[in-house]
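Read through the structure below, which is laid out as structure tokens, and then see the notes.
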Amino acid sequence: MKVALPLALLATSALAAKSSLSSVQRVTNLASTSGRFIVEVKEASDIPSKREALGTPHERVYHSLRERKISFDVTKEFNSPGLFLGAAITLTNSDDVANVLNTEGVVSIRPVKTYKAPKPVSSKIVSPGDKGLPDSESTHVVTGVDKLHAMGITGKGIKIGILDTGTDYTHPFLGGGFGHGFKVAGGHDFVGDDYTGSNDPVPDSDPLDQCNGHGTHVAGIIGANPGNPFNISGVAPDAVIYSYRIFGCESTVTDDIIIDAMLTGVKDGMDILTLSLGGASGWTEETASVVASRIAASGKIVTIAAGNDGDLGSWYASGPATGLETISVASSDNTVIPLQSFTVEGVTHDPIPYYSVLPLPIDGPKKLYAISKDSTVVDDACNPLPADTPDLSEFVVLVRRGTCAFVDKLANIAAFGGNISLIYDNGGGLASIAVGDFTAVLIPADDGTFLADQLAAGASIDVTFPQVGGAVTIPAATGGLVSSFSTYGPSYDMYFKPAITAPGGNILSTYPTTMGSWALDSGTSMATPFLAGSSALLLAAKGKSVAVARSARTLFESTAQTIPSSLTDGDPLQTVAQQGAGLIQVHDAIFASTILSPAELLLNDTTHFAGTQKFTVQNVGKKIKTYTLSHVPAGTALTVDSGMVNSGPVPLTSDSATVKFNQNKFTLLPGQSHTVVATFTPPKGLDASTLPVYSGFIHATSGNESVHATYLGLAASIKDAHVVDDTDFVFGVDLPVVLDSVGDVQDVPVNYTFVGDDAPTILWRQAFGTALLRLDLVSADVAVNTTLNSRGLPWFSFSRPHNGGTFAKVPILGSLLEFDYLVRNDLGDNLDDTVLMENTFANGTVIPNGSYRVLLRSLKVTGDPKNEADYESWLSPIIGVAA
């Protein structure tokens, strides 16, 4: 009789409050595609000569696979010698993965991964008739781009390939056309409008985007022409853009398409590739990350978004930005906020700003009515309004913030017809507020107090909302700081991710003409093209040689401006795990008369501590320079609490490393170099269980010029990080668990028929990343001491050949699944990432009737996959197969 064991295997996210086990869904919902893999093959010269007659390296491998009766279909070939040779294939049986890997000429086989379409953290369409919004000088000034434009350095002669949702090249300020002679001079649509990530792409030669907008916004940040109604300009307005469309109107994309687009960009002669996309990874081994890194190492600049998951805490680096040679870009907030303003009559006062990008659609003046004329009231409109309250439908209503929710206040106002409200702040600062379906905006505390006091004194006040010309800017409360949404690293292998920060919060740029033409967006998606445009300025000024391109990241990092964690004096600098080397200073990078290299000092963890670091300071100026070295620590990030990764903003302490130099001061003639030897000691007295990530900067200063090296380390052994959640934090029961067919926790042996829904579900969470996770079937009567009681997962499960074997001398009956390079689960909304397994062992054979347990093993970071002691392990209760 055919027997099946369809175990639903899940890795789910922890929430701030416990979730119901009924939320566990038995569906597959992973960032990968079943049955599809990317195979890398060796160069022709590396394959034995006896197969030369078979043609290309691809053909030789295909022949070998067919000889071994491996059934496969080729969906895409990659033929870029020196970068990537291989193919995207679909296997009939996943059991053949190991056989492919063992085929002569095959370097690797990895599952095809899926990435979600990029979306800004926030996006607002703005009106081209309103000239009051901030021009791009706010971001250009803080990065030195304005100085370069004044010198005539605008990116001329540099080609930038944008991998995104396409570009609306019909936009008049993106050139108004497509092809030779236009700003958007080339590109390709790899997918078509209707592509979703799960259907077949329909490619063509036209990358026009008039249904999404993301790629058009990115293109404007790089190259929007000046002279537009908003007075904005791209960072490199004279650069040539190629648009590579890899997303449909609303879709995901598989990484075989991303790789194809990157390699096409190289063949098309791009100097820079920029990708405002990605997904949680934490590891450097994803195929797209590897290919992006090789392209960067070959002499192209590759900028990739660091991600918008700052609220999910540390150890969440995004791929393919995890590529070792790529530039992973974090976001900082714009220094100004674009707002609207209204005017007042009946009293003397300047126009009053309110938090909205677009003017409230109100014609003519309206009388102002205050719910309370006492500007100190704390619970204004939190209770039903008095019966003698007038009809408020013809008024603009003034109400003070505080005590209750905005919608509660507005509901009480609406009970008397009020439909437009001004909520004056109580000191918390201007921000976007949640008002449901009501029309209401926030205004400054001082202005609201003034209006309330004037009404209390008997004044009659009219307010008018200009529809054109009412836009204003105010300093942003978080201007210049790392955006709260910007993702924290580092990678699990302790690399700098992100590398550097660029402006990405509240960025005004082009948008498809069919969707409003202009938009104000926020995200690392906006910071990344800013860095790409900055790279174009660098290449335009210093030349497009391989040496210059490969030095770009070092130049940008060593000349960046360090970023504080807040605007409060005395608070530490933001952790390098979120800001990288700091905010890019493009002018300084190009015209630096001191070169520092390398700019990244990787101290690693305490087990692999690299406490002695060297870097070179070279005087490339024309005068003698005397340098002084100084150490400026950043805040130490306490990344973990009680085994769970802390949500963002990650708490910082002032505990820091100490550093000694071989020489604190030195003098260099023009052209001379000095090697600095820096000896680090990690901060002491910290609780290693919090996985404290310490970081900072070593400055070499001469006069007004300062360059720096950036360091990052872990004051703990990363191998001690708890990788599998064994708490009751999420579901109220200690994990991992087996759930029975009705979703209850299985505590005793249960027989399952595997008919309909009668099957067990194994539920666990990855509290930290793991390079290898296995679930194997073992006998029910085993005796073994395991380490544990009793998301989306980024990789599709696939098997390797398993010829029995043991774990702690426990015989393994067969493998159920294996995952490589998992990212941790988060503390956000990602609760439904699941894997529903087939009704067989991983190798396709049927599981006989009988009693079994499931052995779960998760490899600790840096652990040896051949060493049983390096795994966390768990043994399930008895599962009876009675099919």
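A short reminder: the numbers here are calculations on the coordinates, not readings from a lab. Predicted model only: the values in this text are computed from it and were never measured. Every residue, glycine as well, gets a Cβ built from its backbone with ideal geometry; the counts of neighbours run over all protein chains shown.
You can think of it this way: the chain between T653 and D206 has 155.7 nm of extra reach, that is 0.36 nm per residue less the Cα-Cα gap. For the stretch 36-116, the relative contact order is 45 percent, taking Cα pairs closer than 8 Å that sit 6 or more residues apart in sequence and dividing their mean separation by the residue count. Output ³J(HN,Hα) for the stretch 314-321: one whole-Hz value per residue in order, computed from phi by the Karplus curve 6.51 cos²θ - 1.76 cosθ + 1.60 with θ = phi - 60°, and x for Gly and Pro. Residue by residue, the stretch 314-321 yields 6, 6, 9, 4, 8, x, x, 5 Hz.
Working note: Karplus 6.51/-1.76/1.60 with θ = phi - 60° gives the stretch 506-519 the couplings 6, 10, 8, 7, 5, 8, x, 4, 7, 10, x, 6, 9, 8 Hz, where Gly and Pro are set to x. Near H188, once Lys and Arg are set to +1 and Asp and Glu to -1 for all other residues with Cβ below 10 Å from its Cβ, the sum equals -4.
Across the stretch 686-784, counting alpha-carbon atoms alone, Rg and Dmax equal 23.3, 78 Å. Out of H708, P633, F609, whose Cα points farthest toward the positive end of the dipole of the stretch 593-721 (charges: +1 Lys, Arg; -1 Asp, Glu; placed on Cβ)? Most positive-ward Cα: H708. Once both labels are positioned 7 Å from their Cα atoms along Cα-to-Cβ, the gap between S642 and M515 label points is 4.3 nm. With all pairs of separate Cα atoms included, the stretch 593-721 yields a Kirkwood hydrodynamic radius of 15.6 Å.
Normalised by the number of residues in the stretch 582-634, the mean separation of alpha-carbon contacts (under 8 Å, six or more apart) gives a relative contact order of 35 percent. Taking Cα centre as origin and charging only the Cβ of basic (Lys, Arg, +1) and acidic (Asp, Glu, -1) residues, the dipole magnitude of the chain rounds to 2960 debye. For the stretch 462-618, the relative contact order is 24 percent, taking Cα pairs closer than 8 Å that sit 6 or more residues apart in sequence and dividing their mean separation by the residue count.
The share of C-alpha pairs in the stretch 298-363 whose separation exceeds 17 Å stands at 65 percent.
Of all DSSP bridge pairs formed entirely within the chain, close to 70 percent run antiparallel. Taken over the C-alpha atoms, the chain has Rg and Dmax values of 29.5, 99 angstrom. Taking the radius of gyration and the Kirkwood hydrodynamic radius from Cα positions alone, what is the Rg/Rh ratio for the stretch 186-289, to two decimal places? With Rh from the inverse mean 1/r over Cα pairs, Rg/Rh is 0.99.
The calculated pair-distance distribution of the stretch 297-439 uses every alpha carbon pair, bins of 10 angstrom beginning at 0, and gives 9, 29, 24, 13, 13, 8, 2, 0 percent. Projecting the Cα positions of S741, G265, T167 onto the charge dipole of the chain (unit charges on Cβ atoms of Lys, Arg, Asp and Glu, taken about the Cα centre) puts G265 furthest along the positive direction. Each peptide in 514-522, 306-314 receives the mean, over its residues, of other Cβ atoms within 10 Å, and ordering these scores from highest gives 306-314, 514-522. Dividing the convex hull volume of the alpha-carbon atoms in the stretch 332-374 by its residue count gives 135 Å³ per residue. Counting Lys and Arg as +1 and Asp and Glu as -1 over every other residue whose Cβ lies under 15 Å from the Cβ of S293, the net charge comes to -1. Placing +1 on each Lys and Arg Cβ and -1 on each Asp and Glu Cβ, with no other charges, gives the stretch 193-261 a dipole about its Cα centre of roughly 420 debye. Residues whose amide H comes within less than 5 Å of that of W518, counting only those at least five positions distant or on another chain, are V126, Y511 (H built at 1.01 Å from N in the peptide plane). With contributions of -39500 (n - 2.57) from each DSSP H run of at least four residues, the per-residue ellipticity at 222 nm computed over the chain stands at -4000 deg cm²/dmol.
Classify the stretch 36-116: rounded, prolate or oblate, from the alpha-carbon gyration tensor (a ≥ b ≥ c, eigenvalue square roots; a/c under 1.5 rounded; otherwise prolate if a/b is larger than b/c)? Oblate shape, in that a/c is at least 1.5 and b/c is the bigger or equal ratio.
Any idea how far the Cα center of the stretch 395-452 sits from the one of the stretch 308-367, in Å? Spelled out, the Cα-based centre of one part sits 19 Å from the other. Positive contributions from Lys and Arg (+1) and negative ones from Asp and Glu (-1), summed over other residues with Cβ under 10 Å from the Cβ of Y871, come out at -1. Estimated at 0.36 nm per residue, the fully extended path between A405 and N751 surpasses their Cα-Cα distance by 119.5 nm. Descending by average beta-carbon neighbour count within 10 Å, the peptides 263-275, 110-122, 623-635, 744-756 line up as 263-275, 110-122, 623-635, 744-756, the highest first. Which of the residue pairs K623/K665; K147/K542; K497/K860; K300/K542; K124/K300; K42/K76 have a Cα-Cα distance greater than 24 Å in the structure shown? Among K623/K665; K147/K542; K497/K860; K300/K542; K124/K300; K42/K76, the Cα-Cα distance tops 24 Å for K124/K300.
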